[in-house]
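Undergrad: Here it is, the structure, as structure tokens.
The values are calculated or read from the model by the stated rules, or taken from the named source; none is laboratory data. The shown structure was predicted, so the numbers you read here are calculated from the model rather than taken from an experiment. Every residue, glycine as well, gets a Cβ built from its backbone with ideal geometry; the counts of neighbours run over all protein chains shown. For the accessible areas, the whole protein counts, side chains as well, though only heavy atoms, and no ligand, DNA or RNA atoms are used. Shrake-Rupley method; radii C 1.70, N 1.55, O 1.52, S 1.80 Å.
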Amino acid sequence: MASFGYNTRCFALWRKAKKMPLKPETIAARGGRQAPSPNRPLSPPIYQTSVYTFESLDEVDLVWEEEKDGFIYGRYGTPNTAMLEDLLAALEGAEAAVVSSSGMGALSALFMTLLSPGDHLIAGRDLYGSSTALLAQEIRRMGVEISFVDATSPEKVFTALTPRTRAVFVEAISNPLLKLVDIHALAATLRELEIALIVDASLASPAVLRPMELGANIVVQSATKMLSGHSDTTAGAVLGPKRIIDRVRDTQLRLGTNLGPFDAWLVTRGVRTLAVRLEKQCESALALARFLESCPRVERVYYPGLPSHPQHDLAVRLFRGRFGALLSFDLEDGEEGVKRFFEKLRLIEFAPSFGDTATTWSYPARTSHRGLSPAGKRALGIGPGLVRLSVGLEALDDLLRDLGRAL
Ligand SMILES: *Cc1c(COP(=O)(O)O)cnc(C)c1O
């Protein structure tokens with residue numbers, strides 16, 4: 001059988017040699033590996049194997065040197081990760097992609113690839129908490145200088161540039177206050193200086209925003225969130241030019257942040273419905289944001305789709321009519337108000353992640369930003385009454401009723 005992964009040649013040859021009947025233990029250990037049907041299944045199978053077989057030493061050389069298609073060992077990549085990488089690269093409009101065991105795995109492999117001692121990195125000031133920690137506590141130890149700046153202002157980013165700046169790392173939509181970065185403006189200047197612009201677009205997903213089209217060089221996704229969409233796996237991806245992605249893949253091979261076949265399969269399945277999920281989620285999020293703005297107990301709503309958002313015009317330009325599935329709001333009475341809200345909700349559950357088919361809420365002061373001092377939280381605008389909502393696929397009326405009762 002020619003197709004990769006099902007080379008049972010030795011076993012079949014042995015069985016044909018009737019003079020050498022196999023013992024039951026041998027059959028149990030070796031049999032049942034031949035795919036029974038030669039036609040292609042519509043849904044890709046899960047290649048749950050950590051290693052591949054070879055028919056000759058020549059084949060070993062050819063596959064190892066990438067002169068022949070084939071797989072070697074789980075950490076080097078599997079058919080399921082390769083299929084997912086193809087899919088994600090096409091979705092983002094990137095030349096290539098490499099997937100990782102989590103968003104943090106993707107970021108770790110990327111920064112370790114791009115940065116060397118003495119390099120300077122400019123990073124957004126209100127990044128995802130673990131990303132800030134990765135940079136400040138791990139990457140800095142490599143001898144990389146890092147400046148955290150308010151990336152909502154391109155001028156502040158440009159002011160922080162030094163002759164050693166290798167890259168600028170921002171989040172397209174910040175968490176939890178949903179501030180936007182003008183990717184287009186940053187990209188135009190950084191391109192001239194040959195400084196890489198890296199955009200984490202996990203909150204948006206390619207259904208809402210495609211940073212490559214706006215000039216970003218590298219995109220990072222926590223596929224744990226919108227891409228997989230069902231809260232059943234952690235995964236990440238780095239997307240960009242093949243020459244960079246190949247290097248990230250090499251780093252990952254050594255770090256061991258590879259994604260397992262079943263998890264890759266789950267993300268692939270999630271991506272099938274990304275567009276329809278996000279269409280509905282964004283529509284409901286806008287309706288809920290408008291409703292919350294009309295609630296007397298809500299002091300302020302943060303959603304790029306509302307004209308009251310300070311960067312609404314930029315959102316219209318970047319997102320082409322959809323504004324994401326996440327919104328945040330300040331409840332009056334701070335933490336006491338949040339506790340009452342928690343007790344009164346019936347449908348919407350507390351879960352410190354986002355992107356599920358179920359609408360969930362989170363409390364940044366005690367989850368994503370709990371490591372910050374009260375002053376640190378204040379500096380970022382994360383008050384004691386701040387609630388974040390990830391809008392799912394329920395009927396809008398049911399969500400409005402639950403929020404209405406809790407408020
Ligand atoms: C969740 C998240 C990450 C980290 O991804 P994991 O899959 O949890 O490792 C990075 N960036 C953003 C914006 C995220 O929301």
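Undergrad: Go through the stretch 127-156 and report how many residues are more than 16 Å from ILE198 (Cβ to Cβ), under 19 Å from the mean Cα position of the chain (by Cα) and more than 10 Å from the ligand (Cβ to nearest atom).
TA: Looking only at that region, the number is 1.
Undergrad: If you don't mind, another one. Would you confirm whether any residue within the stretch 149-165 is open to solvent by less than 40 Å² (accessible area, probe 1.4 Å), assigned to a loop (DSSP other than H, G, I, E, B), under 29 Å from GLU85 (Cβ atoms) and touching a strand residue (DSSP E or B) at 6+ places or on another chain (Cβ under 7 Å)?
TA: Checked the stretch 149-165: at least one residue is open to solvent by less than 40 Å² (accessible area, probe 1.4 Å), assigned to a loop (DSSP other than H, G, I, E, B), under 29 Å from GLU85 (Cβ atoms) and touching a strand residue (DSSP E or B) at 6+ places or on another chain (Cβ under 7 Å).
Undergrad: In the stretch 86-104, what residues are open to solvent by 20 Å² or more (accessible area, probe 1.4 Å), in contact (Cβ under 8 Å) with a residue 40 or more places away in the chain and out of contact with any Pro (no Cβ under 9 Å at 6 or more places or on another chain)?
TA: LEU87, SER101, SER102, MET104
Undergrad: Do any helices (runs of 4 or more DSSP H) entirely within the stretch 252-354 hold 3 or more residues that are under 30 Å from THR81 (Cβ atoms) and out of contact with any strand residue (DSSP E or B) (no Cβ under 6 Å at 6 or more places or on another chain), and if so, which?
TA: 261-272, 274-293
Undergrad: OK, next. THR189 - would you say it is open to solvent by 20 Å² or more (accessible area, probe 1.4 Å) and touching a Pro at 6+ places or on another chain (Cβ under 9 Å)?
TA: In short, yes.
Undergrad: Within the stretch 216-236, can one find any residue that is open to solvent by 30 Å² or more (accessible area, probe 1.4 Å) and away from the ligand (no atom under 16 Å from the Cβ)?
TA: The answer is yes; a qualifying residue exists.
Undergrad: Which residue, of ARG320, ARG370, ARG378, ARG290, is surrounded by 13 or more Cβ atoms within 10 Å (Cβ to Cβ) and of a type in the set (Lys, Arg)?
TA: ARG290
Undergrad: Output the residues belonging to the stretch 172-186 that are surrounded by 22 or more Cβ atoms within 10 Å (Cβ to Cβ) and more than 16 Å from the ligand (Cβ to nearest atom).
TA: LEU186
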